[in-house]
């Protein structure tokens, strides 16, 4: 038989429980810690005020207690991470804009103003061997590795803003996953290439007094002069040292990130990632210039690294001292 | 052009070797060390 009194009693119990649990749901944060200012709790996606984020600003990490040897896992909140994230979301993006589209625009302007650097005397149709097989191999080993690293690295920084809207979620995920693996492992041929280049070319890239004259004459790129140069001119020497020093910096910081926390703590890891990105972007800017002048920017230059042989007139105009040296070796004075 | 192709082959080869060495041996060893519990129980 239907008992109304039981229903009323159950309703009262339900109402009492609703009031009690409702009250508990609203007040726990400041009920447990009366020093903290009361903040509204809205459920999911709490804002900074709700999680008291400002209380940890600028302070050391909030550390918990763990029973595994990896003490880093005990760190719960680390305010420097917020600064690091803000850098990646702000200044770093502008740095990318300056070093990639910015440099491309400068190169375009240079092309429009200066035009292509031509061989003044025209082609001699006589060739001279500029780089041997091994030199070209190590150049391309480094160059192709660098290209993969640069593209996959840029994707780490601006991929979500640039690539994602173009290719969609699925393709972006695939490309980014492949890019991350490529970045980790193509780093090794890049490092090998940098080491090889250093040992093979360093003796031709030591600074000399005539390098100052080369810069003073604009390297033959600005003005009509053709400053003297050996196997490598001052501009190429600069590229060499950018690759060697920049490549070493990228390798060391990259290895530190490949083996996280092996040499430093979380603050150090954040600093390393900032340094790695900074060196990489400077190197990208320099290499864009190198690629331009080595291919479409100068007549007769690209053959040095494709076939290894260059036109004699090109060699005389840009590397006169090297031509004299090679000629003297092949035709020694009687 | 031959040297360009050879360089690409070398990049692929060195990368695969690096992948096998690192992901096959080094990373599992580090992860095993970093996550190994030293004692079991409720922390004091």
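All of the numbers you see were taken from the coordinates with simple rules; none came from a lab. Just so it is clear, the structure is predicted and the values come from calculations on it, not from any experiment. Positions of Cβ are backbone-derived with ideal geometry, glycine not excepted, and every protein chain shown enters the neighbour counts.
By counting other Cβ atoms within 10 Å of each Cβ, how are A:228, A:273 ranked from fewest to most?
So the ranking, lowest neighbour count to highest, is A:228, A:273.
Can you tell me the relative contact order of segment A:83-330? Whole percent, Cα pairs under 8 Å, sequence separation 6 or more.
34 percent
What number, in percent, do you get for the relative contact order of segment A:201-243 if the mean sequence gap of Cα pairs under 8 Å and at least 6 apart is divided by its residue count?
41 percent
What order do you get for A:93, A:250 when you list them from fewest to most C-beta neighbours inside 10 Å?
A:93, A:250
Under 8 Å for C-alpha pairs, at least 6 residues apart: give me the relative contact order for segment A:49-180, rounded to a whole percent.
In percent, rounded to a whole number, it is 16.
Please report how far the C-alpha centroid of segment A:197-259 lies from that of segment B:9-32, rounded to the nearest whole angstrom.
Using only Cα atoms to place each centre, the spacing works out to 32 Å.
Quick check: pseudo-label points 7 Å beyond the Cα along Cα→Cβ at residue A:275 and residue A:86, how many nm apart are they?
Between residue A:275 and residue A:86, the simple spin-label model gives 2.3 nm.
Which order do A:70, A:47 fall in if you start with the one that has the fewest other Cβ atoms within 10 Å?
Ordered by Cβ neighbours within 10 Å, fewest first: A:47, A:70.
Shape of segment A:147-233 from its Cα gyration tensor (a ≥ b ≥ c, root eigenvalues): rounded if a/c is under 1.5, otherwise prolate when a/b > b/c, or oblate?
oblate
Say R0 is 30 Å: what FRET efficiency, to the nearest 0.05, do residue A:204 and residue A:299 get from their beta-carbon distance?
0.85
For the pair residue B:17 and residue A:106, how long in nm is the line joining their label points, each one 7 Å along Cα→Cβ?
Those two pseudo-labels are separated by 3.8 nm.
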